[in-house]
Structure formats: structure tokens, C-alpha cells
Amino acid sequence: MISSRSKLHELMEKTINSNLQSMEERGEYAEYAVKTNIIESNCDISDMPLTFSDYRIELKPTEDKFLYVMIVKKGKETITLYLDTFFKRFWKLYNIEESTTVNRFIDQFTNNLLKIDSLWMPHQMLGNLEKDYTNIGFSIRFKQEVLKEEELSGDDISKLTMRLWSKGSELAKGLITLLEEHNYPTTKTSTRLLNLKDGEIKFLDEVFYDGKVTVSKGTDIEEHVHFVDGIIDFYSEKMTRVEEKRMYLESSPGGFKNRGYPFELKFSKSQSIEKVALKLVNSTRPFRLWGVIHDRDDEFLRIAGVDTHTGDKFNMDLMPDYARVYLPKNACGNMIFRLYTNIQHSLDPGVAIYDEHGKLF
């Protein structure tokens, strides 16, 4: 049983080295890859439910007050994860378990529990991470979920899935450029990043839009941890910008002043607002928003909604070419990330989002 942060890092580095040696000698990993999932949390660890669906969780403290061993059981199946709560808003879940099993648990953990969510990084955020590293691959996924096949025009794309692994960065850049020139979706859902220093691979990590980071190679686990912390810092900066725009009335000597600013989504082509509303606010995944239409005409819908992740309220004005989203004071800003990212993935890959200062991403 891991008793400290240093012991956890030793275990992860040992696993990475063992897998690298095994890959060189036998062409396959000896153990499951080291993985980190970043979790967006609006609750304290003491408030986290320990039973849900068919899962039972046991948290064991370590010498580090922020680090816990998380034993997860489902029937006869048991997996071990390591929960780091140093960042109060963004937890890190480390594991060296079989991917399908862990992914199934993380999916339930972030979708079924109130105030627990994953990250939602639009493709612009993944692209921003590539600036300091060598990009040697990516995944793209787009699937039209709002319009039916017969409702699409001859120029519309109903589905695009692509995965590229390359030795250098030029092929990845060239393919993205080619897709953009022909107006194909470039909605990255993951990016593979190589960190080279003095000819040595410090890490080769694949970062997914939902905050999962998988280590493929590396010689220094601290570099991976530092990289993950950098993702959290970057996401936190965007979250601060979002939550500073939450709207409320402030008392003043002359009465009240409006504070905050709505977010504006600008679609790349006109949308059927009734069909979009049906998809966005039906309380199902991935949007996890519920709402009712209380004002409407042919080209306008006003929606009063609830984010089922937290129970926070929001309002939305929906029009064929754009939408406005109003977040009230104290609402969780992750709703904006989730809404925008999933519109990219399932409705309009060319959508843009703005606050009062310009493009948010």
C-alpha cells in the first residue's frame, strides 16, 4: 500500500521504466500504462459519496494530508487509484490499471455524482498545449447529433473520426492544415505531446479533452506531474475568466448595478433552434443540462435551465446564428466548457464563443 507521495512517484516511474524496457525487448507493455485523470470538483472530499451505482469506494489516508489511496469495488472487481486533492477545485486521480475498467469507473464517477465533473477542453485548448512541446499525433472526432442524415446538405459532414501517430510534428501540422483548407472538422479530442530535453525523452503523453493524460514513455515522472499541474493552471485561468463574468445585481447608492456579462456562441452556419434546444436541454449526457422554453417566436427561444452537474440555474437565448448564455452569481463555470466543447463535437465544429473581451478560446 502506498504511504506517501514520494512512494507513489516511485511506483509510477518504475512502471514507466518497466514498460519502456518491455516494449524494446518484446514489443509490448509489461504493465498497464500510468494514467492521470483531472477531476473538476465543487465539493470537499468529505462530502463525496462513497457508494453510487454498483460501486463502493474506500478512501485510505497517507502521510500526505492531500493524498488518498482510493479502493474501488464493483462486484468481484477491485481497482486501486490514488486521489490527490492538493488543488481544491481540480483533483488528480492517478492509476496503473486496465484502461477500459478505469474509464468505465471515471465515466460513472463524473456523470452520476452531484458536483463532480470532468474537464471539457475544446480543441483550441488542446492546441494551446502543443506550443511548448512536439506534437506527434492527435485524434479528431465529430459526429452530427442534432440533424438527421436526410436533413444534411451535400456539403455537410455527418461523422469524421481520425487518429494520427507520427514520429515528428510536420505530418500532424500538415494534416491539420489540409483539413482546415477543405473546411473539414478539426475538433481534436486528444493530442500526443513529446517533451525532449538534450535529446532525452522526459515524457511522451497523450492528453484527452476530458482531462485524461496517459504516459507512453518517459524518464522523469516529476516532469509528467509538472505537466499535468500546468494543464490545471491553464484550465483554472480560463475558469477564473468565465466565473468573473457571472451575472448579478450589486447594490449602489443610486439603486442597483448589473455586473457580469453573457457568453455569446456564434454558429458557423444557421441552426434549427427547436432541434438544437431539444438536444441541449434534455438533461442527458454529454451536455447534462435541463431546461424549459418560456418565450418563443420563429427565430428566438428563451430557455430557463438547470445544470444537473451542480443544480445551478442558467438562462439561454437561442437564435439561428448565435446563442447567449447567462450564468448567475455562484454558478459553476464548468458548464460553459461542457456546453462549448460538446457543441464542437456534435453540432458545429466551427462554433466560436465570446465574452465582453473577445473570443474566450
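Rounded to the nearest 10 degrees, what's the angle between the helix 99-112 long axis and the longest principal axis of the chain, both from Cα atoms, 0 to 90?
That helix lies at roughly 40 degrees to the long axis.
Can you compute log10 of I(q)/I(0) for segment 227-361 with the Debye formula, treating each Cα as one identical point scatterer, at q = 0.12, 0.13, 0.16 Å⁻¹?
Per q value, in the given order, log10 I(q)/I(0) is -0.48, -0.56, -0.84.
What ranking of M121, M239, M319 emerges when the number of other C-beta atoms within 10 Å of each C-beta is taken as an exposure proxy, fewest first?
With the sparsest Cβ surroundings first, the list reads M319, M239, M121.
Divide by every residue of the chain the summed helix terms, -39500 (n - 2.57) for each DSSP H run of at least 4, and state the resulting mean residue ellipticity at 222 nm, rounded to the nearest 500 deg cm²/dmol.
-9000 deg cm²/dmol
Determine, for I106, I157, I38, the number of other Cβ atoms within 10 Å of each Cβ, and report the residues in order from fewest to most.
I157, I106, I38
Helix 221-243 versus the longest principal axis of the chain: what is the Cα-based angle in degrees, 0 to 90, to the nearest 10?
10
Determine the relative contact order of segment 5-118: mean sequence separation of Cα pairs under 8 Å and six or more apart, normalised by residue count, in whole percent.
The normalised contact order for segment 5-118 reaches 26 percent.
Stretch E181-F66 to full length: gain in nm at 0.36 nm per residue minus the Cα-Cα span?
Values: separation 115, 0.36 × 115 = 41.40 nm, distance 4.75 nm.
Gain on extension, E181 to F66, equals 36.6 nm.
What list of ³J(HN,Hα) couplings, whole Hz, do you get for segment 198-205 from phi and the Karplus terms 6.51, -1.76, 1.60, once you set θ to phi - 60° and write x for glycine and proline?
6, x, 9, 7, 6, 6, 10, 10
Counting alpha carbon pairs within less than 8 Å and at least 6 residues apart, what relative contact order, in whole percent, applies to the chain? Don't jump to the answer; show the numbers that get you there.
Numbers: 698 pairs, mean separation 55.8, N = 361.
It rounds to 15 percent for the chain.
With springs only between Cα atoms under 10 Å apart, run a GNM on the chain and tell me which of K76, K115, K212 wobbles the most.
For the chain, modelled as a Gaussian network with Cα springs under 10 Å, the answer is K76.
Quick check on segment 159-273: take the gyration tensor over C-alpha atoms, sort the square-rooted eigenvalues as a ≥ b ≥ c, and tell me if it's rounded (a/c under 1.5), prolate or oblate.
oblate
With percent of Cα pairs over 40 Å apart defined as stated, name the option among (1) 31; (2) 18; (3) 34 computed from the structure displayed.
(2)
Could you tell me how many degrees, from 0 to 90 and to the nearest 10, lie between the Cα long axis of helix 5-26 and the main elongation axis, the longest principal axis, of the Cα atoms of the chain?
80
Taking the mean number of other Cβ atoms within 10 Å as a proxy for protection, how do you rank 204-210, 84-90 from highest to lowest?
204-210, 84-90
Which values, in whole Å and largest first, are the semi-axes of the equivalent ellipsoid of segment 5-118 obtained as the square root of 5 times each eigenvalue of the Cα gyration tensor?
They are 26, 17, 12 Å, listed largest first.
Fewest Cβ neighbours within 10 Å first, please rank W165, W120 accordingly. Mind dumping the intermediate values first?
Details: W165 13, W120 23.
Listing W165, W120 from fewest to most nearby Cβ atoms yields W165, W120.
Assuming a ≥ b ≥ c are the square roots of the Cα gyration tensor eigenvalues, decide whether segment 102-234 counts as rounded (a/c under 1.5), prolate (otherwise, with a/b larger than b/c) or oblate.
Details: a/c = 2.59, a/b = 1.28, b/c = 2.02.
Because a/c hits 1.5 or more and a/b fails to exceed b/c, segment 102-234 counts as oblate.
Every read-out reported here was derived from the displayed coordinates using simple, explicitly stated rules and does not represent laboratory data. What you see is a predicted model; the values in this text were computed from it and never measured. Neighbour counts run over all protein chains shown; Cβ positions are idealised from the backbone, glycine included.
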